[in-house]
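Novice: One structure is given below, represented as structure tokens, and several questions about it will come after.
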Amino acid sequence: MQSARDTSSVSVVFVSLAALVALWAGAAWITADASVLPGPAEVWRIATLEAQSGELLRHIAATLRRVAFAFALAFGLGALLGLALGLVPWVNRWLGPWVTVLLNVPALVVIVLCYLWIGLNEVAAITAVAVNKTAMVAVTLREGLRALDPGVADMARVFRMSRAARLRHIIAPQLAPYIAGAVRNGLAIIWKIVLVVEFLGRSDGVGFQIHLYFQLFETGYVMAYALSFVGVMLAIEYGLLQRWESHSRRWRVT
């Protein structure tokens, strides 16, 4: 049953994406101007040439490296802050407004300030991305802690479960969907911010290449680099994150 459901889900995703490509091809045919909207075949040709030269893979690797470092930093700091906000009431009272401010500061402002204060370097780039997403991770985990079932915690105390057992069998399963959601949403947003960071102040990466070909008005190359990286992130999304999120919610299924 589960296997059939998974196969059906994959089929729906495939058909949906194929329809999107067909719509794109139709729009390109109507436009009839590759300098404005190149079709899928032309973008594929450019992406293939860039991949064969090694440039596409080099710049995708640079962007993925920044995404990984920024995500690890944002999730680590956000998890610590979220635990403090959710477990210690006075911390939430005093630092809650700070988190709200961070959530509402535009990403572009943080990026520009980091470049001004730290310089046009890798540390500034990763710091800017991490600062932008730390608050979101913290809020997600704080809400997860607030949603813990007190009845289950009381049962654990009655049966005198150890702290390690409570963490493994009670707290972790209830927090798992929130952690998975924070990971999934965080990655979905972080890679977009990384492209902006590269667009504004790095000398490699997908964002840098988009900036370069934007200046040259090469729409096909812009789309080739953008869609290639979108493809990588979709593979991570459907191949890893959605499966992990579904696994983390299995205990809720009755």
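Any read-out appearing in this document is the output of simple, stated calculations on the displayed coordinates, not a laboratory observation. Not measured: the values here are computed from a predicted model. Note that we place each Cβ from the backbone using ideal geometry, even for glycine, and neighbour counts take in every protein chain shown.
Novice: Between GLN215 and ALA27, what length in nm is gained on full extension when 0.36 nm per residue of separation is reduced by their alpha carbon distance?
Specialist: The GLN215-ALA27 span can extend by a further 65.3 nm.
Novice: What is the set of long-range amide H partners of ASN121 at a cut-off below 5 Å, with H atoms built 1.01 Å from backbone N?
Specialist: Those lying under 5 Å, H to H, from ASN121: there are none.
Novice: Quick check on the chain: helices-only [θ] at 222 nm, where DSSP H runs of length 4 and up contribute -39,500 (n - 2.57) each and the sum goes over total residues. Nearest 500, please.
Specialist: Calculated from helices alone, the mean residue ellipticity at 222 nm is -27500 deg cm²/dmol.
Novice: Once both axes come from the Cα atoms, what is the angle between helix 107-118 and the longest principal axis of the chain, in degrees from 0 to 90, rounded to 10?
Specialist: 90
Novice: Stretch ARG166-SER16 to full length: gain in nm at 0.36 nm per residue minus the Cα-Cα span?
Specialist: 49.7 nm
Novice: Helix 206-215: angle to the longest alpha-carbon principal axis of the chain, degrees 0 to 90, nearest 10?
Specialist: 40
Novice: What percent do you get for the relative contact order of the chain when only Cα pairs under 8 Å and 6+ apart count?
Specialist: Details: 240 pairs, mean separation 64.4, N = 254.
After rounding, I find 25 percent.
Novice: Between GLN242 and LEU108, 0.36 nm times their residue separation minus their Cα-Cα distance comes to what?
Specialist: Going from the current span to full extension adds 45.4 nm.
Novice: Quick one: HIS59, HIS211, fewest Cβ neighbours within 10 Å first, how do they rank?
Specialist: Working: HIS59 23, HIS211 19.
Exposure proxy ranking, most exposed first: HIS211, HIS59.
Novice: Along segment 223-238, what does the Karplus equation 6.51 cos²θ - 1.76 cosθ + 1.60 (θ = phi - 60°) give for ³J(HN,Hα), rounded to whole Hz, x for Gly and Pro?
Specialist: 3J(HN,Hα) across segment 223-238, in whole Hz: 5, 4, 5, 5, 6, 4, 6, 4, x, 4, 5, 5, 4, 5, 4, 7.
Novice: Another one. How far, in degrees from 0 to 90, does helix 55-87 lean away from the longest principal axis of the Cα atoms of the chain, to the nearest 10?
Specialist: 20
Novice: Kirkwood hydrodynamic radius of segment 175-252 from all distinct Cα pairs, in Å?
Specialist: After inverting the pairwise mean of 1/r, the radius is 13.9 Å.
Novice: Something else now. Looking at (i) 7, 28, 29, 20, 11, 4, 1, 0; (ii) 7, 23, 27, 24, 13, 5, 1, 0; (iii) 7, 31, 38, 20, 3, 0, which value of P(r) over Cα pairs in 10 Å bins from 0, in percent comes from a calculation on the structure shown?
Specialist: Of the listed options (i) 7, 28, 29, 20, 11, 4, 1, 0; (ii) 7, 23, 27, 24, 13, 5, 1, 0; (iii) 7, 31, 38, 20, 3, 0, (ii) comes from this structure.
Novice: Here's something else I'd like to know. Arrange the peptides 72-85, 122-135, 95-108 so that the one whose residues have, on average, the most other Cβ atoms within 10 Å appears first.
Specialist: Per-residue Cβ counts within 10 Å, averaged per peptide and sorted highest first, yield 122-135, 72-85, 95-108.
Novice: Starting with the fewest neighbours, write out VAL232, VAL12 ranked by other beta-carbon atoms found within 10 Å of each beta-carbon.
Specialist: VAL12, VAL232
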